[in-house]
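Here the structure is laid out as structure tokens; the discussion comes afterwards.
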Amino acid sequence: MRENCVRDTEISLFGNVMDNPVIPASGTFGFGYEFRDWYDISILGSIALKGTTLEARYGNPLPRIAECPAGMINAIGLQNPGAAAVKDVELKKLKEVYPKKVIANVGGHSFHEYVETSRILSSADEVFAVELNVSCPNVEGGGMAFGLDEGILEELTRAVKEASLKPVIVKLSPNVTDITKTARAAERGGADGVSLINTLVGMRLDLKTARPIISVGRGGYSGPGVFPVALNMVYNVYEAVNIPVIGMGGIMTAEDVVEMMYAGASAVMVGTANLIDPFAAKKIIEDLPRVMEKLGIEKLEDIIGRAHKWSTK
Amino acid sequence: MKKEILTVEENRRLAADIFEMRLSGTSRPEPGTFLEIAVDGFFLKRPFGAAGWSDGIVTIYYRVVGAGTEKMAALPAGTKAEALTGLGHGFDFGGTKKPLIVSGGLGIAPVKYLAEEFYARGIKPVFVAGFRTASEVILRDELEKICDLRITTDDGSAGYNGNAVMYLKDNDISFDRYYACGPVPMLKGMKAYSEKGELSLEARMGCGFGACMGCSVKTRSGYKRVCREGPVFEAGEVIFDA
Ligand SMILES: Cc1cc2nc3c(=O)[nH]c(=O)nc-3n(C[C@H](O)[C@H](O)[C@H](O)COP(=O)(O)OP(=O)(O)OC[C@H]3O[C@@H](n4cnc5c(N)ncnc54)[C@H](O)[C@@H]3O)c2cc1C
Ligand SMILES: Cc1cc2nc3c(=O)[nH]c(=O)nc-3n(C[C@H](O)[C@H](O)[C@H](O)COP(=O)(O)O)c2cc1C
Ligand code: FES
């Protein structure tokens, strides 16, 4: 191989050096280890675990899934085995097949639940950061509510920061008028980074009966259809805060990764793509060097925020 | 579980809106497992029970219920389709000497394959196949050769007048284990009739291989995914919503 063909995909997030910026997004990769049936997952930059609450949760009744032309709606409702089981069972199983550090994703219904779950999961050696899901549209009386009010979000972030042994990422909801306001609130509360976007609230109806397909009426829309919306929000948030931004929403290809990083993402999460093709994250990682070469990018970290040299005013 | 490119070898109408599709390019599935087929223009793959296999060709039976299956019905032989194969956990039938097989509608697909497996082992199962009406009866000739076949129709236009569960209550059939696939009311009826068997469930799926939790059902031993721990479950395990 010629010297100039070596493409550097390494990035660093809160001091954790990753081989590449590709992280399967929370809720689309389970607790990771089952993807071993498809490929060697140790190539992944990191993994964001399924959203975890203090106690085990079943989640919403079925149907939880509805199809869209360029994506899907889900209303899982944070099904998970609870923080203790994630720490003692799921993370141990993952460690056997994945040697790198992961991101724990925390859901909740109260300050207490967010704080305690973060305390438990951040104490696991395998975890390098905690991602607060304050933007889940699928849990009644919690989840998203914490992510919509700037005051509450700031206070919650501060409370979790105090309890967490690891850096805290606040995952922002796109279901707001101005996402830069909630991003700034998270930063004021002491967040080490923000990730965005979570799913957009959406709905599908059965044509014969007019009844919503999702059991609880609505759910979270994700997939390639949301990419332009996500890209714009990442772009705006990058200008609004001084902490790392993790970009996601509809990423399907290595080209999408580059575009998201141009907009300001320090790392990216790939969600729905994993569901429609179990090899999606692997393919993106393998394609990255080729796409970088085509675009004349030597070091991926250099392109973060590159779009901002152009005026969009 | 594998991701494969399959080729449509044959795609033909069996009844008004019921089709048989034979696809090459895959290895032998376990009875009760399913595959997901990508249909051009649709975001999610469509799940179908493996309904037979020979010489590298897997068979599925499907009903046209929406835009995806409508598109499938028009696919000519030679069409390539991306698929995830060998999904889920199938029937447990190794130790069964006197099987009873029960189906409702297109639920006939996976249990027809199971009946073929029993026949290959020298066992002729009793097969109660329920349909809505005579014009929807499929696979009669094939199954009569290898099973003790009992047809039922909801309107009495063929065979027994009533559904498969009613037939079982009216007729004393001895079996050591049953295998049932069909609509939820029928599966509930089977569970109430006996717990000495297995039920094959359906759910709308986000992935089909365990990643999204879109298909979880309640069981006596916690929540289980239809696509991974299922689609086949012990009848006694499944907890149906009221
Ligand atoms: C494990 C399993 C095995 C199946 N085996 C068979 C079979 O052998 N023969 C057969 O005819 N049908 C079978 N089905 C149902 C079949 O998958 C649906 O009828 C089909 O997906 C409908 O697609 P559509 O585009 O025509 O309908 P649409 O309603 O337009 O589809 C919209 C979305 O809903 C999903 N969907 C709609 N109905 C169902 C359903 N009943 N179950 C699951 N997803 C659904 C579709 O996959 C798609 O994602 C099975 C389902 C599962 C889960
Ligand atoms: C099935 C499913 C489950 C999800 N579960 C979670 C979750 O538990 N916690 C969370 O923070 N986000 C969850 N998300 C949101 C994703 O992590 C991601 O933010 C969103 O889907 C947008 O990215 P994508 O378009 O690449 O999927 C879920 C998404 C999907 C599709
Ligand atoms: S369909 Fe995704 S877990 Fe079963």
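Details
- Two numbers describe the Cα atoms of the protein assembly as shown: Rg and Dmax, which are 25.3, 80 Å.
- Note on B:78-86: average number of Cβ atoms from other chains within 10 Å of each residue's Cβ is 1.
- A 1.4 Å probe run over the protein chains yields, for region B:117-220, 44 Å² of accessible area per residue, whole-number rounding.
- Ordering B:Asn161, B:Ala211, B:Gly122 by Cα displacement along the dipole of region B:99-237 toward the positive end leaves B:Ala211 in first place; charges were set at the Cβ atoms of Lys, Arg (+1) and Asp, Glu (-1).
- 1.4 Å probe accessible area per residue over region B:2-87, in Å²: 41 Å²
- Chain B and chain A together bury an accessible surface of about 2600 square angstrom, both sides counted, with a 1.4 Å probe and no ligands or nucleic acids included.
- Pairs of alpha carbons in region A:1-129 whose separation is greater than 23 Å (percent): 40 percent
- Accessible surface of chain B, 1.4 Å probe, proportion on carbon and sulfur as whole %: 50 percent
- Per-residue average of Cβ from other chains inside 10 Å of A:274-280: 6
- Percent of alpha-carbon pairs separated by more than 11 Å within region A:176-216: 74 percent
- Dipole in debye (nearest 20) - chain A, about Cα centre, beta carbon charges: Lys, Arg +1; Asp, Glu -1: 420 debye
- Pairwise Cα distances in region B:29-114 exceed 19 Å for 42 percent of all pairs.
- Ligands, DNA and RNA aside, A:Lys166 has an accessible area near 50 Å² when probed at 1.4 Å.
- Per residue, the convex hull spanned by the alpha carbons of region B:99-237 comes to 111 Å³.
- Binning the C-alpha pair distances of chain B at 5 Å intervals from 0 yields a P(r) profile of 1, 7, 14, 19, 20, 18, 13, 7, 2, 0 %, listed from the shortest bin outward.
- Normalised size of region A:240-313, defined as Cα radius of gyration per 2.2 N^0.38 Å with N residues, equals 1.13.
- For the listed peptides B:159-171, A:109-121, B:134-146, a ranking on the average number of other beta carbons within 10 Å per residue, highest first, reads A:109-121, B:159-171, B:134-146.
- Debye equation applied to the C-alpha atoms of region A:76-219, log10 I(q)/I(0) at 0.14, 0.15, 0.21 Å⁻¹: -0.67, -0.75, -1.22
- Calculated SAXS-style log₁₀ I(q)/I(0) at q = 0.09 Å⁻¹ - chain A, Debye, Cα scatterers: -0.41
- Alpha carbon Rg of region A:18-61, scaled by the compact-globule rule 2.2 N^0.38 Å: 1.34
- Per residue, the convex hull spanned by the Cα atoms of region A:223-280 measures out at 61 cubic angstrom.
- Heavy-atom accessible area for B:Tyr61, with the other protein chains in place and a 1.4 Å probe, reaches approximately 10 Å².
- Shielding score for A:58-70, defined as the mean number of other chain Cβ atoms within 10 Å: 5
- Per-residue surface analysis assigns B:Lys191 an accessible area of about 40 Å², computed on protein heavy atoms at 1.4 Å probe radius.
- Long pairs among B:Lys191/B:Lys224; A:Lys50/B:Lys80; A:Lys161/A:Lys282, criterion Cα-Cα beyond 29 Å: A:Lys50/B:Lys80; A:Lys161/A:Lys282
The values are calculated or read from the model by the stated rules, or taken from the named source; none is laboratory data. Remember, it's a predicted structure, so these values are computed and weren't measured experimentally. With ideal geometry, Cβ positions are generated from the backbone for all residues, glycine too; neighbour counts draw on all protein chains shown. Each accessible area value is taken on the protein alone, full model and side chains, heavy atoms only, with ligands, DNA and RNA left out. Shrake-Rupley method; radii C 1.70, N 1.55, O 1.52, S 1.80 Å.
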